[in-house]
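Here the structure is laid out as structure tokens; the discussion comes afterwards.
The values are calculated or read from the model by the stated rules, or taken from the named source; none is laboratory data. None of these values were measured; they are calculated from a predicted model. Cβ: placed from backbone, ideal geometry, glycine included. Neighbour counts: every protein chain shown.
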Amino acid sequence: MPSPFALQDHALLNQSLDAVPFGLVALSPAGETLYANAWARARLRGAAFLSLWDPAGRTTLESLLPTIGARGVRDLELTAIDGLLWRLALETWSVSAVGEGVVLATWRPASDDKAWMSPGGQGPMDITQDQMRQAQKMDAIGKLTGGVAHDFNNLLQVISGNLQLLATDVRGNARAERRVANAMAGVTRGSKLAAQLLAFGRRQPLAPKVVNIGRFVREMDDLLRRALGEAIEVETVIAGGLWNTLVDVGNVENALLNLAINARDAMGAQGKLTIEAGNTQLDEAYAKAHGDLKPGQYVMLAVTDTGTGIAPDVLAHVFEPFFTTKPEGQGTGLGLSMVYGFVKQSGGHVKIYSEAGHGTTVKIYLPRSAQSEDRLVDLDEGGVRGGDETVLVAEDDDEVRETVVGLLADLGYRVLKARDAESALSIIDSGIAIDLLFTDVVMPGPLRSPELARKAVERQPGMAVLFTSGYTENAIVHGGRLDEGVELLSKPYTREALARKVRQILAARVLVPAMAPTRLPPPASTAPAAAPSLRVLVVEDDALIRMSIAEMLESRGHTVFEAGDGNEAIRLHGSENIDVLLADVGLPGMNGVDVASRMREAQPDLPVLFATGDQNANGVVRDARTAVIVKPYGVADLTEALGRITRA
């Protein structure tokens with residue numbers, strides 16, 4: 001097990017250590033201060049730890065620190081230079097990152113026995129080690145589950161997307177449809193498992209709303225009764241004047257369902273379940289006794305059952321991931337872990353009271369919100385609708401990218417794709433009008449997805465942005481909550497969820513009238529060509545821009561030949577029948593103007609369209625069969641320019 005000090009920079013561990021009512025100092029064998037908690041820092045005031053003691057105390061520490069054996073413990077009473085008597089307990093921890101033993105010193109006034117002892121009679125070393133182990137476990141599992149969930153959800157997305165595309169191909173074949181449905185059920189189970197792991201590790205992105213828990217519980221009454229069955233009596237007790245709380249509604253629902261189902265199993269499918277909601281005040285003493293909890297006003301949600309209760313030795317482990325008392329195959333051991341992680345991530349507190357043979361009560365405390373309740377809008381659960389807008393998909397995983405492109409195309413959207421944020425920005429800069437940027441949160445490369453979104457909207461203010469990820473890290477989530485204005489579709493998602501989310505965001509966007517993008521037409525299979533089919537040679541050194549231009553031309557029914565430089569273009573011109581040359585002016589080596597001149601030596605009437613970002617580039621136009629199109633441009637601009645030079 002790695003040393004807890006390897007995690008000292010993590011907020012959760014720091015909060016736990018700063019909350020204890022005595023000093024904690026990590027020292028090297030030479031007496032250097034490696035770490036001090038809040039209590040100790042307030043007394044050190046920047047001074048070296050050894051400098052606080054009188055000569056006798058300093059000599060004792062200097063001789064003792066290098067000699068404490070592995071995991072040995074020494075209790076001392078030392079006098080400080082101000083004459084006060086202090087008690088120290090020293091224990092050695094092995095820290096591989098440091099390369100030597102680190103001495104943990106707990107430090108408190110000699111007369112302060114009350115602060116020294118926990119209510120349960122444990123000494124400070126017991127309290128400290130328990131808190132550090134818990135913090136270490138939470139952080140380690142959070143890191144593990146975050147990375148695993150990202151890869152796992154990407155795999156699930158590939159499987160899910162292809163199954164949904166397959167479903168349309170096998171429609172009418174009952175046997176095949178049943179197999180697809182069974183496979184999708186497995187994807188759903190895998191998705192829930194990943195979500196529970198993320199919840200425990202406090203790595204799920206919360207989208208909190210100000211809600212009244214009492215109203216929310218009443219609305220869940222029918223759902224709970226169906227889940228529990230008729231044999232279990234359900235009583236709901238909501239206190240008058242209940243405060244609002246800022247919380248992720250979906251997670252509250254999942255937490256309440258998990259607690260209710262656990263209670264049902266504990267009661268053997270018969271008994272009474274009581275759900276209570278009320279206001280409460282957690283004082284400073286209670287908060288201090290529970291680590292990272294802040295004193296203040298909370299909304300309390302309690303679930304009480306009349307089941308068999310929980311034995312003390314089991315109660316100590318119920319929040320641990322994968323811990324379950326159910327028979328194999330009947331539980332993942334993640335239900336209460338999910339509740340614990342979600343509540344902690346929301347700034348709340350959860351406590352279990354139970355006694356074997358006398359039932360169990362789980363109390364959830366969520367911070368009070370002084371804001372008025374948000375209006376919760378249900379998404380349309382009707383038929384799936386697509387559209388004809390243009391969507392740019394930015395996704396580094398090749399399989400995921402191809403799958404989502406297929407899903408969106410199947411819904412009727414015009415889809416462009418990029419493998420990273422820089423590639424996506426190149427497509428946007430090429431002049432193609434984009435209605436929606438659909439981007440993965442975590443992608444390789446120097447340009448991060450949030451920065452891509454910002455630059456994209458700067459270039460096209462009417463563009464909407466939708467993020468997707470199996471694990472958001474801290475890119476669009478801060479304090480465990482989605483940044484304001486951010487829309488996220490978590491992987492894995494269904495075709496229906498994708499369709500509804502895309503339509504919701506496109507419907508909600510506000511187009512800037514003067515800069516509203518020119519919409520690309522549907523794919524060639526459904527859109528008639530606006531002009532006779534042409535054989536167009538596109539010469540562009542940027543592969544992504546070249547690909548985007550080719551897609552625009554192909555959407556109009558034209559045949560496209562692509563070249564990355566002038567030499568390649570001239571070779572193609574010599575071997576293919578070319579109707580139009582579309583060349584970037586600023587090609588490296590042989591520029592676009594030189595390329596056109598060489599080709600016109602062999603084909604004098606060749607129509608030429610120069611593409612450039614220079615607004616003043618009309619000087620390259622020499623005749624009616626030559627034109628300039630300025631980046632950024634839309635498909636309508638491109639079509640008009642082609643028509644003009646081919647009709648001349």
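Looking only at helices (runs of 4 or more DSSP H) that fall completely inside the range 256-346, which ones have 3 or more residues that are at pLDDT 75 or above and surrounded by fewer than 19 Cβ atoms within 10 Å (Cβ to Cβ)? Before you say what the answer is, go through the steps one by one.
Values: elements: 284-289, 312-315, 335-345.
Hits in the range 256-346: 284-289.
When residues of the range 370-428 are filtered for being assigned to a loop (DSSP other than H, G, I, E, B), of a type in the set (Ser, Thr, Tyr) and at pLDDT 85 or above, how many remain?
So the answer is 1.
Answer yes or no: is there a residue in the range 6-24 that is assigned to a helix (DSSP H, G or I), farther than 22 Å from ALA289 by Cβ and either at pLDDT below 80 or under 36 Å from the mean Cα position of the chain (by Cα) (or both).
Let us first name the residues in the range 6-24 that are assigned to a helix (DSSP H, G or I), namely 6-7, 11-19.
Those left that are additionally farther than 22 Å from ALA289 by Cβ: 6-7.
Now narrow it down to the ones that are either at pLDDT below 80 or under 36 Å from the mean Cα position of the chain (by Cα) (or both): 6-7.
Checked against the condition, which is being assigned to a helix (DSSP H, G or I), farther than 22 Å from ALA289 by Cβ and either at pLDDT below 80 or under 36 Å from the mean Cα position of the chain (by Cα) (or both), the range 6-24 yields at least one hit.
From GLY271, GLY278, grab the single residue that is touching a strand residue (DSSP E or B) at 6+ places or on another chain (Cβ under 8 Å) and under 20 Å from ALA227 (Cα atoms).
Values: GLY278 fails: under 20 Å from ALA227 (Cα atoms).
Among GLY271, GLY278, only GLY271 is touching a strand residue (DSSP E or B) at 6+ places or on another chain (Cβ under 8 Å) and under 20 Å from ALA227 (Cα atoms).
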message: Any residue in the range 357-374 that is under 17 Å from VAL252 (Cβ atoms) sitting within a Cβ distance under 7 Å of a residue that is surrounded by fewer than 22 Cβ atoms within 10 Å (Cβ to Cβ) and modelled with pLDDT under 80? List the pairs, counting only those 6 or more apart or interchain.
response: ASP374/LYS209
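Name the strands (runs of 3 or more DSSP E) wholly within the range 540-643 that hold at least 3 residues that are within 30 Å of GLY412 (Cβ to Cβ) and modelled with pLDDT of 85 or more?
Details: elements: 559-563, 580-584, 608-612, 626-630.
It comes to 559-563.
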